Amino acid sequence: MHDDPTTAPAVAPEEGGGAAEELAYRLRQQQLTAEYGHFALRTFDTLALLQEATRVCALGLHSEYCKAMEFLPEEQQFVVRAGVGWKPGVVGHARIGADVESPTGYAFQTGEPVISNHLEGETRFRTPSLLLEHGVRRAINVVVQGEGKRFGILEVDSPTEGRFTEADLAFMQGFANLLGVAIERQQFEAALIASEARAQAGEAELERALAHQEVLTREISHRVKNSLSIVASLLALQGRMSSNAELKQSLADAQARVQTIAQVHDRLWRQDEVKTINLADFMGDLCNQIRSTAAPGLTLAYDFAPVSLPTDQAVPLALLINELVTNAFKYAYPEGKGEVRIAIKPTRAGLLRLEVHDQGPGLPEAFDAQTSSSLGMKLIASLSGQIGGRPDWRSSGAGAHFALDFPAEDAPRDR
């Protein structure tokens with residue numbers, strides 16, 4: 001996983017951004033969650049899983065500190081297994097009490113997440129000395145647990161003023177749920193490998209083990225979808241409570257984008273392969289879904305090459321297609337009648353070309369995608385950068401045309 005510097009501006013509530021920036025912030029959180037789910041399937045090192053989780057959670061909440069703590073039953077303490085931002089000597093060594101007087105211990109013992117937005121005035125818990133030493137003012141603690149026993153706590157800490165919200169908590173809890181299942185899956189696979197090495201596992205036991213591994217893999221997908229559903233519900237609730245028509249529309253758009261991530265993620269997990277997908281089948285299903293929800297007078301024609309695509313590119317590419325098509329429907333055909341065409345074909349060696357065009361009035365005069373303040377345009381630029389391409393917009397009497405050349409590891413090469 002990596003963070004793309006071209007990502008659209010995403011501003012946390014306490015950072016003072018407008019509605020569009022905060023919506024980009026929430027959308028980015030859910031995209032990070034989905035990307036981490038795929039990372040977890042390809043990673044067989046528990047420490048690497050924990051470390052990446054702390055890095056991405058800190059990134060998702062714009063926080064300086066994050067740590068993953070494992071509970072040590074014999075010591076009745078937590079040890080900091082992974083983290084970002086902490087002074088040397090903390091990760092791998094620092095111990096934190098597991099009693100209910102501390103926010104970490106309370107979350108672990110009760111299974112309930114804890115938000116502390118004013119640690120200096122906190123009366124419910126004792127603030128751990130580690131947080132005091134680093135000037136932490138607010139924190140979120142969530143339990144890391146798979147289908148079995150609890151592993152520990154995932155905690156994001158911030159030294160800045162502000163408030164963590166219920167939406168932040170949903171992001172963190174979804175992440176911790178993913179991490180818990182991924183750790184359990186790794187532990188199970190390690191035990192299975194050891195069993196095979198000792199030649200003690202019979203055929204029936206091996207079949208049961210493989211079936212359990214499949215269940216755990218599906219559980220990761222289930223938990224990602226649950227996290228996305230929670231955020232979509234929060235956005236819908238906020239929209240119903242708002243009297244501002246522009247804000248209501250922005251929240252509805254954000255909700256639709258989160259639901260798209262959930263749908264894309266669901267399709268991805270239904271594939272037989274983990275590392276690659278069939279472009280034609282995967283994107284064809286997505287376009288059929290978009291077409292089924294469009295107005296009756298709007299049509300979508302598509303043509304995708306039957307090539308394999310790395311799953312790392314599948315989510316941002318699918319989100320890009322969804323954004324481009326819905327934008328075309330909205331702006332090219334405001335009366336609700338017209339056709340959008342989309343294609344992905346191999347071009348020169350190792351490259352694929354995405355093209356989307358309509359037959360509407362074309363782009364506005366003086367249109368500049370790079371300076372546009374539209375959240376949709378910022379997302380298109382960000383997603384294009386994530387799959388390794390640079391968008392090219394053109395306009396003519398025949399409508400607007402979008403083109404993007406991007407690399408694909410398994411794309412066929414022209415001869």
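Output the residues belonging to segment 281-307 that are crowded, with 19+ Cβ neighbours inside 10 Å and in contact with a Ser or Thr (Cβ under 9 Å, 6 or more places away or on another chain).
LEU286, ILE290 - these are the residues of segment 281-307 that are crowded, with 19+ Cβ neighbours inside 10 Å and in contact with a Ser or Thr (Cβ under 9 Å, 6 or more places away or on another chain).
For ARG348, indicate whether it is in contact with an Asp or Glu (Cβ under 7 Å, 6 or more places away or on another chain) and among the basic types (Lys, Arg).
yes
So is PHE78 hydrophobic (A, V, I, L, M, F, W, C), more than 21 Å from ALA53 (Cβ to Cβ) and touching a Ser or Thr at 6+ places or on another chain (Cβ under 7 Å) or not?
No.
Considering only segment 323-335, how many residues are within 18 Å of GLY388 (Cα to Cα) and at pLDDT below 90?
Going through segment 323-335 one residue at a time, the tally reaches 1.
Specify which of the listed residues (GLY360, GLY376) is in the same structural domain as ALA301 (by TED's automatic domain parsing) and out of contact with any strand residue (DSSP E or B) (no Cβ under 7 Å at 6 or more places or on another chain).
GLY376
Do you know which of the residues in segment 315-357 that are of a type in the set (Asp, Glu) and touching a Gly at 6+ places or on another chain (Cβ under 9 Å) is farthest from GLY376 (Cα to Cα)?
Among those that are of a type in the set (Asp, Glu) and touching a Gly at 6+ places or on another chain (Cβ under 9 Å), it is GLU335.
Cβ-Cβ under 9 Å, sequence separation 6+ or interchain: first residue in segment 128-141 and without any contact (Cβ under 8 Å) to a residue 24 or more places away in the chain, partner not acidic (Asp, Glu). Which pairs?
Listed by first residue and then by second, the contacts come to SER129/ILE96; LEU132/LEU119.
Checking the structure you have, find out if any residue of segment 356-376 is in contact with a Lys or Arg (Cβ under 6 Å, 6 or more places away or on another chain) and surrounded by 15 or more Cβ atoms within 10 Å (Cβ to Cβ).
Among the residues of segment 356-376, at least one is in contact with a Lys or Arg (Cβ under 6 Å, 6 or more places away or on another chain) and surrounded by 15 or more Cβ atoms within 10 Å (Cβ to Cβ), which makes the answer yes.
Given the structure, is GLY389 among the small types (Gly, Ala, Ser), farther than 17 Å from MET283 by Cβ, in a loop (DSSP other than H, G, I, E, B) and touching a residue at least 12 places away in the same chain (Cβ under 8 Å)?
Here the answer is no, as GLY389 does not meet what is asked.
Only one residue in LEU300, LEU309, LEU352 is in contact with a strand residue (DSSP E or B) (Cβ under 8 Å, 6 or more places away or on another chain), modelled with pLDDT under 85 and not in a helix (DSSP H, G or I). Which one?
LEU309
Given the structure, is GLU64 under 23 Å from ILE153 (Cβ atoms), touching a His at 6+ places or on another chain (Cβ under 9 Å), modelled with pLDDT of 80 or more and not hydroxyl-bearing (Ser, Thr, Tyr)?
Against the criterion (under 23 Å from ILE153 (Cβ atoms), touching a His at 6+ places or on another chain (Cβ under 9 Å), modelled with pLDDT of 80 or more and not hydroxyl-bearing (Ser, Thr, Tyr)), GLU64 qualifies.
Give the number of residues within segment 347-386 that are over 28 Å from the mean Cα position of the chain (by Cα) and farther than 22 Å from TYR333 by Cα.
Residues in segment 347-386 being over 28 Å from the mean Cα position of the chain (by Cα) and farther than 22 Å from TYR333 by Cα: 3 in total.
May I ask you to list the residues in segment 84-122 that are of a type in the set (Asp, Glu), under 25 Å from ASN177 (Cβ atoms) and loosely packed, with under 14 Cβ neighbours inside 10 Å?
Of everything in segment 84-122, just one residue is of a type in the set (Asp, Glu), under 25 Å from ASN177 (Cβ atoms) and loosely packed, with under 14 Cβ neighbours inside 10 Å, namely GLU112.
Residue-wise test of (1) modelled with pLDDT of 75 or more; (2) buried (at least 19 other Cβ atoms within 10 Å of the Cβ); (3) in a helix (DSSP H, G or I); (4) not acidic (Asp, Glu).
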position	(1), (2), (3), (4)
ARG124	yes, no, no, yes
LEU130	yes, yes, yes, yes
VAL143	yes, yes, no, yes
GLU155	yes, yes, no, no
PHE164	yes, yes, no, yes
VAL181	yes, yes, yes, yes
ALA209	no, no, yes, yes
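The values are calculated or read from the model by the stated rules, or taken from the named source; none is laboratory data. This structure is a prediction, so every number in the text was calculated from the model and none was measured. Cβ: placed from backbone, ideal geometry, glycine included. Neighbour counts: every protein chain shown.
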